[in-house]
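Only one structure is covered here, and it is reproduced in the block below.
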Amino acid sequence: MAADLAGTGIDVNLLLPGGATRTGMTPDSAPEDLRATWLDPAIMGPPICWLASRASDGITDQRIAATDFADHPPA
């Protein structure tokens, strides 16, 4: 989509949590040691807010991992 929308002023990026997240769709029967490694879905908040802000204008065709966002926001 980023290539199709190039030059239109519409930025297209892919935001991933960076690992498995705890959601309503994850099984309660999963082993506790495995569930302890799952990310809190709130990890997506800061990069979502950044992507919705003017600070991200012009950033397009990027794959952004929320786990890396705090230390290395896209430039």
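Do we have any residue at all in region 19-35 that's outside any loop (DSSP other than H, G, I, E, B) and within 10 Å of the chain's Cα centre (by Cα)? No; the residues of region 19-35 include none that is outside any loop (DSSP other than H, G, I, E, B) and within 10 Å of the chain's Cα centre (by Cα). The condition of being of a type in the set (A, V, I, L, M, F, W, C), part of a strand (DSSP E or B), in contact with a Pro (Cβ under 7 Å, 6 or more places away or on another chain) and surrounded by 10 or more Cβ atoms within 10 Å (Cβ to Cβ) holds for only one of 43, 64, that being 64.
Pairs are defined by a Cβ separation below 8 Å, a sequence spacing of at least 6 or placement on different chains, a first member in region 6-31 that is free of Cβ contacts under 8 Å to residues at least 24 places away in the same chain and within 22 Å of residue 47 (Cα to Cα), and a second member that is surrounded by fewer than 13 Cβ atoms within 10 Å (Cβ to Cβ) and not aromatic (Phe, Trp, Tyr); the pairs so defined are 20/37; 21/40; 22/40. The residue that is nearest to the chain's Cα centre (by Cα), counting only those in region 46-56 that are surrounded by fewer than 15 Cβ atoms within 10 Å (Cβ to Cβ) and in a helix (DSSP H, G or I), is 48.
Just so you know, all these numbers are worked out from the coordinates, no wet-lab data involved. These figures come from a predicted structure and were not determined experimentally. Heads up, the Cβs are rebuilt from the backbone with ideal geometry, glycines too, and the neighbour counts pull from every protein chain shown.
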